[in-house]
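Following: one structure in structure tokens, then a few remarks.
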Amino acid sequence: MACRIGELVLGCRDPELLAQFWCEVLGYVVVGREEGCVEIGTPEGFGGPQPTIFFSVRDEPEPGKSRLHIDVNPTDRDQDAELERLLKLGARRADIGQTGDEQWHVLADPEGNEFCLLKARIKPL
């Protein structure tokens, strides 16, 4: 038997703010709260069809650049429309040295965590 990703954990200054942002981006809901922490996921919560994301309060970001980032795919609109939606939610463009020829957009969430909006569309589960 193999493992599966159950949850992603992200240290942040404002778990409520990031939980709200990522719920809007992914169509997730808040599935749990503990002091200083918010967990979001599909309504099934932990162990459901998708991993949950656990936002844990940290006063300062971890030193060094994170080697993990999230890629998202639009499921019900094209990439341009999804980019516009994400920017309205509070994402901002991030420059990591792109050439401009990429088929994806590099963005940052409200706390500066980088993620990519891919061009490819996937079918919802």
>> Averaging over every viewing direction, what projected area does the convex hull of the Cα atoms of the range 68-124 cover, in nm²?
In response: 4.1
> So what's the chain giving for Cα Rg divided by 2.2 N^0.38 Å, two decimals?
Replying inline: 1.07
> In a GNM of the chain with a 10 Å cut-off on Cα contacts, which of Ile53, Ile40, Ile70 has the highest mean-square fluctuation?
Replying inline: Ile70
>> For the chain, set up a GNM with springs between Cα atoms under 10 Å and report which of Glu35, Glu114, Glu82 has the largest fluctuation.
In response: Glu35
> Which residue fluctuates the most in the chain, going by a Gaussian network model with Cα springs under 10 Å, if the choices are Thr52, Thr75, Thr99?
Replying inline: Thr99
> Each residue of the range 83-90 in turn: what ³J(HN,Hα) in whole Hz from Karplus with 6.51, -1.76, 1.60 and θ = phi - 60°, glycine and Pro shown as x?
Replying inline: 4, 4, 4, 5, 5, 5, 6, x
> What are the ³J(HN,Hα) values, in whole Hz, obtained from phi via the Karplus relation 6.51 cos²θ - 1.76 cosθ + 1.60 with θ = phi - 60°, for each residue of the range 92-99 in sequence order, with x given for Gly and Pro?
Replying inline: 9, 5, 10, 9, 10, x, 4, 8
>> For the pair Ile70/Glu7, report the inter-label distance in nm, with labels modelled 7 Å from Cα in the Cβ direction.
In response: 1.5
> Carbon-plus-sulfur fraction of the accessible area of the chain, 1.4 Å probe, in percent?
Replying inline: 52
> What do you reckon, how do His105, His69 stack up by accessible area (1.4 Å probe), largest on top?
Replying inline: His69, His105
>> With a 1.4 Å probe and all protein chains kept in place, how much accessible area does Glu7 have, in Å² rounded to the nearest 10?
In response: 80
>> Can you compute the FRET efficiency between Arg77 and Gln50 using 1/(1 + (r/R0)^6), with r the Cβ-Cβ distance and R0 = 25 Å? Round to the nearest 0.05.
In response: 0.80
>> Among DSSP bridges having both ends in the chain, what percentage is antiparallel? Round to the nearest 5.
In response: 65
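The values are calculated or read from the model by the stated rules, or taken from the named source; none is laboratory data. Note that the structure is a prediction, hence the values are computed from the model and not measured. No Cβ is skipped: glycine too gets one built from the backbone with ideal geometry, and neighbour counts run over all protein chains shown. The protein model used for the area step is the full one, side chains on, heavy atoms only, and it has no ligands, DNA or RNA in it. Shrake-Rupley method; radii C 1.70, N 1.55, O 1.52, S 1.80 Å.
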